[in-house]
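Structure record follows, encoded as structure tokens.
The values are calculated or read from the model by the stated rules, or taken from the named source; none is laboratory data. Remember, predicted model here, so these are calculated numbers, not experimental data. Here the Cβ positions follow ideal geometry from the backbone for every residue, glycine too, while neighbour counts run over all protein chains shown. For accessibility, only protein heavy atoms count, side chains too; no ligands or nucleic acids. Shrake-Rupley method; radii C 1.70, N 1.55, O 1.52, S 1.80 Å.
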Amino acid sequence: MDGKGSPQEKLQQILTSHVGLDPLYAQVLSNANHDDAFIKVLSAIIYLKRQLSITDLAKLLDLTSEVVVTRLMEIQSIIRIPADNQGSVQLNHASFRDFLLDKTRSKEYYQPLGEARMTIWSLECMVKYLKQDQWPQDKAEKYACREWCFHLECTIKGCESGELATAMVDIIQMFIRVSGRDEGTTAVKISINI
């Protein structure tokens with residue numbers, strides 16, 4: 001940009017350039033360990049409808065709090081990690097989410113299937129922790145119960161092919177079958193390659 005033009009033109013140039021923080025995001029992500037736990041944590045902080053504490057996030061993702069914090073430390077320059085596990089993770093800038101959801105900007109760091117993952121993780125949490133005739137006990141369980149259908153709806157709306165939607169329907173049918181179990185002690189592992 002050469003500094004010429006009206007304020008509206010300058011704003012439009014800035015909004016369409018997308019250069020800004022993208023190189024920083026790419027650099028930080030390139031140094032991170034991209035194992036399954038990291039992908040879970042990254043997807044969750046981007047796709048959660050409302051942020052959870054580290055403790056509740058760990059429960060929702062079926063990880064330990066220590067694993068969540070360790071993975072978050074890898075990208076601590078672009079997120080805010082709370083002082084204790086009862087605080088929630090915050091993005092330093094909303095453009096990080098936009099970056100991860102735009103394939104042309106984020107390239108290999110693109111996170112397209114987060115809504116599907118959030119649906120699956122929510123259903124897994126309900127299957128693992130909820131018992132018949134008992135209310136959800138903590139924020140992770142409450143989040144899973146309240147928001148799985150929101151994430152499912154977003155998944156279906158975003159599907160280009162019917163494969164993912166079909167897989168999600170299969171998962172929900174399985175959840176309905178196992179949710180009637182006797183004492184909630186049977187753990188069911190829901191898995192799908194996404």
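Calculate the FRET efficiency for Ile172 and Thr70 from the Cβ-Cβ distance with a Förster distance of 30 Å, rounded to the nearest 0.05.
Efficiency, from the Cβ-Cβ distance: 0.40.
If Phe150, Phe38 are ordered by their accessible area, calculated over protein heavy atoms with a 1.4 Å probe, which sequence runs from highest to lowest?
Phe150, Phe38
Can you give the local net charge around Leu21? Use residues other than it whose beta-carbon is closer than 12 angstrom to its beta-carbon, Lys and Arg +1, Asp and Glu -1.
Spelling it out: positives minus negatives among the neighbours equals 0.
What are the ³J(HN,Hα) values, in whole Hz, obtained from phi via the Karplus relation 6.51 cos²θ - 1.76 cosθ + 1.60 with θ = phi - 60°, for each residue of segment 88-93 in sequence order, with x given for Gly and Pro?
9, 6, 10, 6, 5, 8
Around Leu91, which amide H atoms from residues at least 5 apart in sequence, or from another chain, sit under 5 Å from its own amide H, with H modelled in the peptide plane?
So Leu91 has HN proximity to Arg80.
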